[in-house]
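Novice: If you scroll down you'll find the structure; I have some questions about it.
Bear in mind these aren't lab numbers, they're just calculated from the coordinates by the rules spelled out. The structure displayed is predicted, hence computed values, not measured ones. Heads up, the Cβs are rebuilt from the backbone with ideal geometry, glycines too, and the neighbour counts pull from every protein chain shown.
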Amino acid sequence: QPWILPLGGGEPRLAPELQGNAVSASWSPDGRSLLVIAPSGQQRFVVGDPEAPLARRIRDLTWRLDGFGLRDQFHSAWIVPLRTGKPRRVTSPGYEVAEAAWLGERIAFLADRRDDAGVIEYPQLHTVSAHGGTARAGPALAGLAWTLAVSAGGLIALVGYDVPDPIGWENTGLFVVEGRSLRRLDEGLDRPIGNHTFADTAELTDAFGPRAHWLDEQSLVALVSSRGGSRPYLFPLDGEPTPLLDDEEVVCSGLAVGGGRVVVNASGRPDDAPDLYEVANGLLRRLTAHGGRWLRPHRIEAERITVRARNHPPVDAWLVPARGRRRRAPLVLKIHGGPHSAYGPVPYTETLALAHAGFHVLYANPQGSVGYGEAFARPLNGRWGELDAPEQLAVVDWAIRQGLASRDRIGVLGLSYGGFMVNWLLGHHPNRFAAGVSENPVTELVSHFEPDRYRELSPAFQIHRNTAPLLLLQCDGDLRCPPDQTEVVFGILRGLGREVEMVRYPEESHILLATGRPDRRVDRLERIVDWFERYL
């Protein structure tokens, strides 16, 4: 629920209460009320008594979401008066309001109001009077609008996709509303808006929608991902986008703009956890030293390298050396999820834990990774494993040639699509890896896509060839990569008498490593290190 905290000190007070959990809140221009996104108050699925339902009638494919659960109510935009009166819903309960912002006497919001939105939701811009009434559609993107930003003068900007049925390898764009049309401000940049370099030591702000901010009435600021980093860019309404930071290696995971100033939540150096910095004159000026303090005794800087498989483009990779030293040691190859995301210099907790336990850790951005242009990301579509496996193996071969690792002491680790690749590599390249850890993977694509083609790509149909010890970590509440995907692999290998172990985490969703209960996050970390200590 929204609470009001006096800036001059004193106790916070609760704003007029809404049903359910509020998602966001923003002040009205006159400061007398709040615009809040909260549940609509109307259940969609229940048949019979809501306290003891007879059944749930469901017609939407998006009836539940990972980390959220059952979507029995859509979210609506509410006006919450702070002095007198009750909260008032200003959008229909019949559709999901993804975002909302004040637009003078109107409310701008993003929603998919189509009849077939239950198949897949493509939010678009709409406006409605702050007093309620019929919503009006604004200019639409060919794909969907992720987020919106409204300037003090009433200008509207959107971040989204201007292609039908967008896929993850396509770049998000920044658009400004001009009358009944939209104009793209990042044309020719060939990089996605937002931060796509994630780590469990960083904020997940942009993971739920890349965002732009108005600096003034002539320009916007947004993060842009490139080659494993992300930094703020200035997007003038008339002119070319320009980076506000000189350093390409920096990773910014949050952005705030106000009073002509730009503040980022960023890793000021490659091996650091994020803190708050002001962006000025192309440099970062530290504002806080709290976020990264806990990590400083454990820092090990990642070394950036470039490798190339035969007939493949060069790929960026990073080496986190065992205990900070470049000498022969067991090696763990870490593979990112997505697959359309990216690694960068910001460390994951398990990467540092493994390095301090005496393992080299290598991770790469093979084809399919974003931040390298659409031509680099697109080819992986429909070729999972086939295209990127040679590039992952080239990273391992580089370490062997450098004398950093022995062929018989190499492990592989991954979550989500990374888990897919762990199982894929173990099944298609038996004897290349001595141990693996696969977390919340996809393993069987046949039931979802074209049977013949996706049978070839599914790890479940090759995993019987694997003889390396495999640890399977699975969250019971994962709705993105459900537990049955792990159970398939466990059943095959256990039935064959292979060394396999499945660990289940009750209630947890897909990204336990970042959002899970702390004791479970610790347990996960300890199991990963212990598994590789046992078998490497």
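Novice: Counting other beta carbons within 10 Å of each residue's own, what order do H360, H428, H510 fall into, fewest first?
Specialist: Exposure proxy ranking, most exposed first: H428, H510, H360.
Novice: Just the projected area, averaged over all directions, of the convex hull on the alpha carbon atoms of the range 139-298: how many nm²? All intermediate terms of the calculation are to be shown ahead of the outcome.
Specialist: Details: hull surface 37.9 nm².
About 9.5 nm², averaged over all directions.
Novice: In nm², what is the average projected area of the convex hull enclosing the Cα atoms of the range 469-514?
Specialist: Orientation-averaged projected area of the Cα hull: 3.1 nm².
Novice: Still on this structure, please answer the following. Report the relative contact order of the chain, percent, no decimals, based on alpha-carbon pairs under 8 angstrom and at least 6 residues apart.
Specialist: Relative contact order comes out at 8 percent.
Novice: Among P469, L144, S226, which residue has its Cα furthest toward the positive end of the charge dipole of the chain, with +1 on Lys/Arg Cβ and -1 on Asp/Glu Cβ?
Specialist: Ranked along the dipole, the leading option is P469.
Novice: For the range 31-186, what is the convex hull (Cα atoms) projected area averaged across all directions, in square nanometres?
Specialist: Directional mean of the projected Cα hull area for the range 31-186 stands at 11.2 nm².
Novice: Could you state the number of Å between the C-alpha centres of the range 8-31 and the range 236-270?
Specialist: 29
Novice: Something else about it: Tell me the relative contact order for the range 139-298 as a rounded percent, counting alpha carbon contacts under 8 Å between residues six or more apart.
Specialist: This gives 15 percent for the range 139-298.
Novice: Taking every alpha carbon pair in the range 300-535, what does the distance histogram look like in 10 angstrom bins from 0, in percent?
Specialist: 8, 35, 39, 17, 1
Novice: Here's another thing I want to ask about it. For E51 and R88, what is the calculated FRET efficiency with R₀ set at 30 Å and r taken between the beta-carbons, to the nearest 0.05?
Specialist: 0.70
Novice: What is the spin-label model distance, in nm, from R32 to H131 if the labels are put 7 Å beyond Cα along the C-beta direction?
Specialist: 1.2
Novice: For K86, K334, what's the fewest-to-most ordering of other Cβ within 10 Å of each Cβ?
Specialist: Values: K86 11, K334 25.
The most exposed by this proxy come first: K86, K334.
Novice: Taking neighbour Cβ counts within 10 Å as the exposure measure, how do I300, I79, I120 sort from fewest upward?
Specialist: Sorted ascending by nearby Cβ count, the order is I120, I300, I79.
Novice: Between the range 105-180 and the range 368-391, what's the alpha-carbon centroid distance in Å?
Specialist: Each part's Cα centre sits 29 Å from the other's.
Novice: While we're on this one: Do the sum for the chain: with -39,500 (n - 2.57) for every DSSP H run of n ≥ 4, divided by all residues, what is the mean residue ellipticity at 222 nm, to the nearest 500 deg cm²/dmol?
Specialist: Calculated from helices alone, the mean residue ellipticity at 222 nm is -4500 deg cm²/dmol.
Novice: Would you mind checking the range 362-392 for residues with the amide N under 15 Å from a putative spin-label position 7 Å along Cα→C-beta of N311?
Specialist: 386-391
Novice: What spacing in nm lies between the two simple spin-label points modelled at T467 and E178, each 7 Å away from Cα in the Cβ direction?
Specialist: Between T467 and E178, the simple spin-label model gives 6.6 nm.
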